[in-house]
Amino acid sequence: WGDLFLASYVSPWKWNSTPTDVIFYTEYKQANKRSIKYDNAPMPYSIYLWHWGIFLHWGIVDWTKRSHWCFRLPYYFAQKLYLNVSWKTPVLFLPN
């Protein structure tokens, strides 16, 4: 389904829990989103993955801390991804 566009390390929401054989699709994005569920936490450059309730967004990529149903991305990667995805862009997580 085309060429690889972007790749980056992420901070996953849970250890060994991300399906790596599933193609996710983007549903919507919001540049300055704040979490409704988690104390109004900032979620810049948010991209929502359809049917999973999972967000991709900028944050400190730290392997010692887990996120709440989010994947934290490095700043420039999050920004570039945000600017280049649209509705139903395929997203695939690969094992490292």
Within the stretch 30-48, considering residues that are among the hydrophobic types (A, V, I, L, M, F, W, C) and buried (at least 20 other Cβ atoms within 10 Å of the Cβ), the one modelled with the highest pLDDT: ILE47
The stretch 39-63 residues that are farther than 16 Å from PHE93 by Cα and in contact (Cβ under 8 Å) with a residue 12 or more places away in the chain, paired with ones that are open to solvent by 40 Å² or more (accessible area, probe 1.4 Å) and among the hydrophobic types (A, V, I, L, M, F, W, C) (beta carbon under 6 Å, 6 or more apart): PRO44/TRP58; TYR45/TRP58
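The values are calculated or read from the model by the stated rules, or taken from the named source; none is laboratory data. Given the structure is predicted, the values throughout are model-derived calculations rather than measurements. In this analysis, Cβ positions are derived from the backbone assuming ideal geometry, glycine residues included, and neighbour counts consider all displayed protein chains. The area values use the complete protein model at the heavy-atom level, side chains included, leaving out ligands, DNA and RNA. Shrake-Rupley method; radii C 1.70, N 1.55, O 1.52, S 1.80 Å.
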